[in-house]
């Protein structure tokens, strides 16, 4: 009988120790998860402020990695040569398709420069990002509206609507001119 009581006591002691160790490990994991979430929230907040600052300065580039035409066909493109940029009051749209040999800009695509007539911020949310609209007027554009969604992670989606029915979507990364590595071809006009 004493053996059974001793074995039962020993088993309870080992079980209690194992549960206590597991609870302490869980709290350590929870602490790490909480710290990681705080760091991510601080990073998103910092990115959000940087996006708003670049929009106020009108000095940004959206480097496109994907082109989607109005029928939904998607093409992966080079971020160095495919972009939409704004510098002060000049907006540039450059599209170059992979494998293109000829084009108006010397790179196998088209480069259009125009005057930025308006930039309106439609929606701001520190947790999600910024939604804004640009209107551009110029020789190559005639006039065009661009609707842009930028997330706090820097990913952007641009919906381009031209005056003559040209519509396409670009997906890319929002950043400053200084941090960008784009190569601009010869503009159309």
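In which sequence would 174, 67, 168 go, from the one with the fewest C-beta neighbours within 10 Å to the one with the most? Present the calculation step by step, with values, prior to reporting the outcome.
On the way: 174 26, 67 20, 168 16.
With the sparsest Cβ surroundings first, the list reads 168, 67, 174.
Dividing the summed helix terms, -39500 (n - 2.57) for each DSSP H run of n ≥ 4, by the number of residues in the chain produces a 222 nm estimate of -11000 deg cm²/dmol to the nearest 500.
Given the peptides 33-40, 84-91, 115-122, arrange them by the average over their residues of other C-beta atoms within 10 Å, most packed first.
84-91, 115-122, 33-40
Here is the P(r) of the chain: all C-alpha pair distances, binned every 5 Å from 0, give 1, 7, 13, 16, 15, 10, 6, 4, 3, 3, 3, 3, 3, 3, 3, 2, 2, 1, 1, 0, 0 in whole percents. Note on residue 69 and residue 28: the model spin-label points, each 7 Å out from Cα along the C-beta direction, lie 5.7 nm apart. Relative to the longest principal axis of the Cα atoms of the chain, the long axis of helix 2-57 lies at roughly 20 degrees. Quick one: check the C-alpha center-to-center distance for region 54-99 versus region 147-189, whole angstrom. If you average the Cα positions of each part, the centres end up 3 Å apart.
Modelled spin labels at residue 104 and residue 45, positioned 7 Å past Cα toward Cβ, are 4.6 nm from each other.
Quick note: the coordinates plus some simple rules give every number you see, no bench work behind them. Just so we're clear, the structure is a prediction, and the values are computed from it rather than from any experiment. Virtual Cβ from ideal backbone geometry, glycine too; neighbours counted across all protein chains shown.
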